[in-house]
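Just so it is clear, none of the values below were taken in a lab; they were calculated from the coordinates. Since we're looking at a predicted model, the values are computed, not measured. Cβ: placed from backbone, ideal geometry, glycine included. Neighbour counts: every protein chain shown.
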Amino acid sequence: MENSKNTIITIIVLALLVSGLVYAIVRFGGSSSEAPPEKENNNSEVVSSSGNRITITDQPPGSIVFISSATFAEGGFVVIYTNENGSLGKNIGAKYFRDGTGPGDIELSEPLFLGSEYFAVMHRDNGNRVFDSEVDSAYSQEDGSVISVKFKVVETLPEQKL
């Protein structure tokens, strides 16, 4: 009697395991050779030949921009500009970053608006650590283009990979 109880329990457990395995294969596609679709990468990064680099993700609406990483060979500013028909518009915020790499938050003089695009631009510092657009010129690439990253203001931010 005890032996038949153990056999019945074993059969039930095996049936449940097989059912779970079949469900997982049907639900999640089994062992497909096709790679899963990649999530959209909302990180934007620009690197210059001098090693200056800026990385920023799409931002939520508000009065602060979160810089994922800024790398300066000699220190400088990340300046946030409005987007005026694809060109740099008004400067709405700036922050000094020391040489090396680090994240940072930039407080803005006006808020970011949902659906709008903005630019983060790397600028030199004339030595006083106070941004002045007349003397703290933008860093540029070898081709003369300004080191800038365009980002969007979105309602829901993408999941960050740890």
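Work out how much length Ser68 to Ile11 would gain on full extension: take 0.36 nm times their residue separation and subtract the Cα-Cα distance, in nm to one decimal. Kindly include the intermediate steps, with their values, before the conclusion.
Numbers: separation 57, 0.36 × 57 = 20.52 nm, distance 5.45 nm.
Here the segment from Ser68 to Ile11 would lengthen by 15.1 nm.
Out of every Cα pair in segment 54-99, what percent are spaced more than 16 Å from each other? Let's see the in-between values first.
Values: 470 of 1035 pairs.
Considering segment 54-99, 45 percent of its Cα-Cα pairs are separated by more than 16 Å.
Residue-wise, which Karplus ³J(HN,Hα) couplings in Hz belong to segment 134-140, taking 6.51 cos²θ - 1.76 cosθ + 1.60, θ = phi - 60°, and x for glycine or proline?
6, 10, 8, 6, 6, 5, 10
Expressed as a whole number of Å, what is the distance separating the alpha-carbon centroids of segment 62-84 and segment 119-135?
If you average the Cα positions of each part, the centres end up 11 Å apart.
Which residues does a label at Ser133 reach in segment 62-89, if reach means a backbone N under 17 Å from a point 7 Å past the Cα toward the Cβ?
Correct set: 77-89.
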